[in-house]
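Visitor: My questions all concern the structure below.
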Amino acid sequence: MSERGSQSSGKRRTSRDVALEVLVQVEKEHSYSNLKLNEALQAAKLERVDAALATELVYGTIQRLNTIDGVLEQKVQRGLAKLKPWMRNLLRMSLYQLRYLDRVPPHAAVNEAVAIAKRRGQQAMGGFVNGVLRAVMREPELWNAPAAADAVSRIAWEHSHPAWLVSRWVEAYGEAETAAMCAANNRPPHGSARVNRLRAERDGLLADMQASGLNVKASAVTPDGIVAAGAGNLAHSVWYQDGRLSVQDESSMLVVQALRPEAGMRVLDCCAAPGGKSTHIAEAMGDMGEVVANDVHAHKVALIAEQAARLGLKSLRTMNADAAALSEALPQGSFDAVLVDAPCTGFGVIRRKPDIKWTKHPEDVSSIAALQARLLAEAARLVRPGGRLVYSTCTVEHVENEAVVRAFLAEQAHDGWELDETWKAALPAAALAAALERSPSGMLQVLPQDAGSDGFFIACLTKR
């Protein structure tokens, strides 16, 4: 595959050069791959096809990291840890192409890797890269899971996830569901958007987008959703700019179906940034009533206000406070509905942020669950009698989801609260069949393989 590259400071940079730089930065700085990749693509100004390859190389290499490293360790005698970061990541990126990208001819992947090594090192470095890659190509059995591997080790190897995380999921969901979830985490996510029904109607917007040549269709998961394939970043589209749509995953849109906001209500979103759910709530209310969108970070509060202005929403006001102390700033029992979209480990969005599975640790799960419990208890104080409280996360961890809700209900201080199952009657039974079957009353646990959307948890409670 040839690459046109770009001119930057007089140097020609290919998509592989850009991808390698990002991978090195992510490893050395422990930074988020999506942020570093966006910065690098903007600076490189690659053509669309080359930007797509760079994106695939970055995310794909990170997704398959421990399997690739397991193969390389068998062919790099002195060990991967002793290689320079650029060399280590060049080998990883090249093996990803050889194993997982059918559209990249093997000789092209090897030749490009050798050329990069020579530019960055010296002639000997090119020979080293060539030798390692061709040695792996000669022994495809290197990619097989170890013969004596148990179920956890096999899934961790075949789908490149940390064994500790696979072990937790096997205990919670079983081997088959865990393997399916790990496989789904390695698939590229499709684009999705939410229609702003104050400015557009879904069928009309779909027709407009299709007339522009985009491959889009109505979401089967939510009546407000649009699914796109190969449409690029919809946040750069005219429909986004004029406020007819917002970029949001389908699973996330289900939160409003649980909250059921109506015109004239007073609703609080405790952890609102960057504002996707808050603005969705205001749209569902016909922009009549009041939506208070709070976040602890002032710069993120500004982002919420920007989104509200873009969508033409007047009922939304922002607030900058700690969600763990909101009852000190707001009257207790003063809201018809309260949403706690809690901070979480984010294991439901690994397909979008593959770094998550390598940067999180077991202790992160328990520590974040303690915070989630405090936020839920604080939010409950603000709900009026007869009102609703919705708790949601973008993770698949029981400790952060069902366990947090069960513990809340078990406390004597929360007597009078109960799970509400009625909201689930309006959910699409076909699209969410697996999620509905596995989820307890009043709760919904969506896994990434269920409908091709993010892993997400939602629970609805009512105050008698």
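Only the coordinates and a few stated rules stand behind these numbers; no lab work does. Computed from a predicted model, the values in this text were never measured in an experiment. Positions of Cβ are backbone-derived with ideal geometry, glycine not excepted, and every protein chain shown enters the neighbour counts.
Visitor: Please state the shape class of the range 66-130: rounded when a/c is under 1.5, otherwise prolate if a/b exceeds b/c and oblate if not, all from the C-alpha gyration tensor.
Guide: Details: a/c = 2.04, a/b = 1.07, b/c = 1.91.
The shape class here is oblate.
Visitor: Taking amide H atoms as placed 1.01 Å from N in the peptide plane, list the residues 5 or more away in sequence, or in a different chain, whose amide H sits under 5 Å from that of Leu316.
Guide: Amide H neighbours of Leu316: Val291.
Visitor: Within the range 341-464, what percent of beta bridges assigned by DSSP are antiparallel, to the nearest 5?
Guide: Numbers: 13 of 14 bridges.
Counting DSSP beta bridges with both partners in the range 341-464, the antiparallel share is about 95 percent.
Visitor: Determine the calculated [θ] at 222 nm for the chain from helices alone, applying -39500 (n - 2.57) to every DSSP H run no shorter than 4 residues and normalising by the residue count; nearest 500 deg cm²/dmol.
Guide: -14000 deg cm²/dmol
Visitor: May I pose another question? Treating the angle as unsigned and between 0 and 90°, give the value, to the nearest 10°, between the Cα long axis of helix 48-63 and the longest Cα principal axis of the chain.
Guide: Roughly 80 degrees between the two axes.
Visitor: At a threshold of 8 angstrom on Cα-Cα distance, excluding pairs fewer than six apart, so keeping six or more, what relative contact order does the chain reach in percent?
Guide: Here the relative contact order equals 11 percent.
Visitor: Treating cross-link reach as a plain straight distance, find the aspartates and glutamates whose alpha-carbon is under 12 Å from the alpha-carbon of Lys82, omitting any fewer than eight places away in the same chain.
Guide: Glu73
Visitor: Continuing with this model, one more query. If we restrict to alpha carbons, what Rg and Dmax does the range 22-84 come to, in Å?
Guide: Rg, Dmax (Cα atoms, Å): 13.6, 39.
Visitor: Classify the range 106-205 from the C-alpha gyration tensor, please: rounded if a/c falls under 1.5, else prolate or oblate depending on whether a/b exceeds b/c.
Guide: Oblate, since a/c reaches 1.5 and b/c is not below a/b.
Visitor: Only bridges with both residues in the chain count here: give the DSSP antiparallel percent, nearest 5. Spell out each step's value before the answer.
Guide: Working: 27 of 45 bridges.
Taking every DSSP beta bridge within the chain, about 60 percent pair in antiparallel fashion.
Visitor: Along the charge dipole of the chain, which of Leu37, Ala108, Pro261 sits closest to the positive end, that is, farthest toward it, with unit charges on the beta carbon of Lys, Arg, Asp and Glu (+1, +1, -1, -1)?
Guide: Ala108
Visitor: Related question: Give the aspartates and glutamates whose C-alpha is closer than 17 Å to that of Lys300, dropping any in the same chain fewer than 8 places away, or say none.
Guide: Within the straight-line cut-off, Lys300 pairs with Asp269, Asp322, Asp341.
Visitor: Angle check, please: helix 202-211 long axis (alpha carbons) against the longest principal axis of the chain (alpha carbons), in degrees 0 to 90, nearest 10.
Guide: Long axis of 202-211 versus the principal axis of the chain: about 30 degrees.
Visitor: Would you mind checking Lys36/Lys360; Lys357/Lys463; Lys45/Lys353; Lys217/Lys463 for any pair whose Cα atoms are more than 30 angstrom apart? Could the numbers behind the result be given before it?
Guide: On the way: Lys36/Lys360 19 Å; Lys357/Lys463 37 Å; Lys45/Lys353 23 Å; Lys217/Lys463 38 Å.
Pairs exceeding the cut-off: Lys357/Lys463; Lys217/Lys463.
Visitor: I need the Debye-formula profile for the range 233-383: one equal scatterer per C-alpha, no solvent, reported as log10 I(q)/I(0) at q = 0.11, 0.16, 0.19, 0.20 1/Å, two decimals.
Guide: With no solvent term, the Cα-only Debye profile gives -0.44, -0.93, -1.24, -1.33.
Visitor: In whole Hz, what ³J(HN,Hα) sequence does the range 398-408 give by Karplus (6.51, -1.76, 1.60; θ = phi - 60°), x for Gly and Pro?
Guide: So the Karplus estimates, Gly and Pro as x, are 4, 4, 8, 10, 4, 5, 5, 5, 4, 5, 4 Hz.
Visitor: In nanometres, what is the gap between the two model label sites at Leu83 and Val399, each 7 Å from Cα along Cα-to-Cβ?
Guide: Placing both labels 7 Å beyond Cα along the Cβ direction yields 3.3 nm.
Visitor: In addition: In nm, give the distance between the simple-model label positions of Glu306 and Ser31, each being 7 Å from the Cα along the Cα-to-Cβ direction.
Guide: Modelled inter-label distance: 1.9 nm.
Visitor: Which angle from 0 to 90°, rounded to the nearest 10, does the C-alpha axis of helix 163-173 make with the longest principal axis of the chain?
Guide: Result, in degrees: 40.
Visitor: How do 62-75, 347-360, 29-42 rank on mean C-beta neighbours within 10 Å, highest first? Let's see the in-between values first.
Guide: Values: 62-75: 19.4, 347-360: 21.4, 29-42: 15.7.
With the highest mean Cβ count within 10 Å placed first, the list reads 347-360, 62-75, 29-42.
Visitor: Testing the spin-label approximation: label points 7 Å from Cα along Cα→Cβ at Arg199 and Ala108. State their distance in nm.
Guide: Calculated label separation equals 4.0 nm.
Visitor: How much length is gained on full extension from Leu419 to Ala148, taking 0.36 nm per residue of separation minus their Cα-Cα distance? Working shown, then result.
Guide: Working: separation 271, 0.36 × 271 = 97.56 nm, distance 4.48 nm.
Length difference between fully extended and current span is 93.1 nm.
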